[in-house]
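Only one structure is covered here, and it is reproduced in the block below.
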Amino acid sequence: MRLPSKLKNILLAICIVTILYLTMALALQTIGLDNAQMFIKQTGVWAPIVFIFLCAVSLMIAPLSGSSLFVVGGTLFGKHDAFLFSYIASIIGCSVNFWISRRLGRKVAQRFIGKANLEELDKFIGKLKSSRSILYMILIMPFSQDIVSYAIGLTKIKYTYFLIALILSSTIVIGGYVYIGSSLLELFVKPK
């Protein structure tokens, strides 16, 4: 029996995410959560700056996604600080994606997110025509903020409308990863 390609992609993504989270948990367990948190505190302002930079870059290289970094950040920096740092990174990264598409066009955006992803998004993005579409953007952004921000940059939607939708959707997306994801990761890392 052959699986449909979409189902294969979903199963592959689940396997990759599972392996990634198990690897993170194992690495933090080996290093020791207290040791990792102590190291972060000792680096001062540099740790948050590097974290924000890495998260923003991971969002610009769309298949990477910043979600795993958001989860680790919640564990290392504490949930409230990680939420703030991840939120800033999300606004920066997705805004850069928007402007890459807006200024450099479809061919460049397609290199970052892939032709298939862009064609799939074209169907949804075609419905975005005015400021009334802010709600629609808020609804689709949580599925993949990085890819959606590239696609929206290819439309005539004003950056201000995009930014409003991004600010609102980022609260939900990052809150989930930082507060729920890092709590689950901590269950595997904390000594019993």
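The values are calculated or read from the model by the stated rules, or taken from the named source; none is laboratory data. Everything numeric here is computed off the predicted structure, so don't read it as measured data. Note: ideal-geometry Cβ built from the backbone for every residue, glycine included; neighbour counts use all protein chains shown. Heavy atoms of the whole protein, side chains included, go into the accessibility calculation; ligands, DNA and RNA do not. Shrake-Rupley method; radii C 1.70, N 1.55, O 1.52, S 1.80 Å.
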| request: Report, ordered by the first and then the second residue, all pairs with beta carbons closer than 9 Å, sequence separation of six or more or different chains, a first member in region 31-55 that is hydrophobic (A, V, I, L, M, F, W, C), and a second member that is exposed (fewer than 12 other Cβ atoms within 10 Å of the Cβ) and at pLDDT below 75. | output: 33/191
| request: State whether one or more residues within region 47-65 are more than 18 Å from the chain's Cα centre (by Cα) and either more than 29 Å from residue 151 (Cα to Cα) or at pLDDT 85 or above (or both). | output: yes
| field | Segments classed as helices (runs of 4 or more DSSP H), wholly inside region 133-192, with at least 1 members that are among the aromatic types (Phe, Trp, Tyr) and surrounded by fewer than 23 Cβ atoms within 10 Å (Cβ to Cβ) | value | 134-140, 159-175, 182-189
| task | Check 134, 125, 138, 113 and return the single one that is modelled with pLDDT under 80, of a type in the set (Val, Ile, Thr), within 15 Å of the chain's Cα centre (by Cα) and more than 18 Å from residue 58 (Cα to Cα). | result | 138
| request: List every residue pair whose Cβ atoms lie under 6 Å apart, where the two residues are 6 or more positions apart in sequence or sit on different chains, the first residue falls within region 150-179 and is more than 19 Å from residue 58 (Cβ to Cβ) and without any contact (Cβ under 8 Å) to a residue 40 or more places away in the chain, and the second residue, located anywhere, is open to solvent by less than 20 Å² (accessible area, probe 1.4 Å) and in a helix (DSSP H, G or I). | output: 155/125; 165/137
